[in-house]
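The structure appears below as structure tokens.
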Amino acid sequence: MTDTVLRSLDEARRGPRREVREEPVAREEPLMRDIVGDLLRRTRTEQGRTLREVAEEAQVSLPYLSEIERGRKEASSEVLAAVYRSLGLTLPDVLAELYRRTALAAPLRAGAGPGDFRRAGSVPAPAPARGARIMSLAA
């Protein structure tokens, strides 16, 4: 039953399947839970630790940790912090992995500054007229 529900959620996330693709499909952006789960699993296995060891140290149930590592569960920030700390990771480590797997692989932004989040190829918003005045409607 659980596998059927999870499979249905995965299918809903991916969208309807098409057998014949007539045009190229845009790259599907990864979910944060998939990237974080992959980082946790990779780190744990590189350390030669078992799920049980990490789950006990982080005080998280073994099945729940397994679901987090597989990207099936969206864990709270408190649970994630307990797990990544038990693996010797820090929040900057996790954020750096998110950045590496998303921003560095994404097309360059068209914006000129760090706060401009327009996609490459988008039409820029018109700039406000130089010297524009604010009118007061108060009488």
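Could you give every pair whose Cβ atoms fall below 9 Å, whose first residue belongs to region 90-101 and is free of Cβ contacts under 8 Å to residues at least 60 places away in the same chain, and whose second residue is not hydrophobic (A, V, I, L, M, F, W, C), counting only separations of at least 6 or pairs across chains?
Close Cβ pairs satisfying both conditions: T90/Y84; L91/Y84; D93/T43; D93/Y84; V94/Y84.
Search region 22-54 for residues being within 15 Å of T102 (Cα to Cα), surrounded by 10 or more Cβ atoms within 10 Å (Cβ to Cβ) and not charged (D, E, K, R), and hand back the single one that is modelled with the lowest pLDDT.
Checking each candidate, the answer is P30.
Residue check, E57 against (1) surrounded by fewer than 16 Cβ atoms within 10 Å (Cβ to Cβ); (2) within 18 Å of I35 (Cα to Cα), all met but one. Which one?
Every condition holds for E57 apart from (2).
What pairs can you find where one residue is in region 68-88 and modelled with pLDDT of 95 or more and surrounded by 18 or more Cβ atoms within 10 Å (Cβ to Cβ), the other is in a loop (DSSP other than H, G, I, E, B) and small (G, A, S), and their Cβ atoms are less than 8 Å apart, with a gap of 6+ or different chains?
Filtered contacts from region 68-88: I68/A75; V83/A75.
The values are calculated or read from the model by the stated rules, or taken from the named source; none is laboratory data. Computed from a predicted model, the values in this text were never measured in an experiment. Note: ideal-geometry Cβ built from the backbone for every residue, glycine included; neighbour counts use all protein chains shown.
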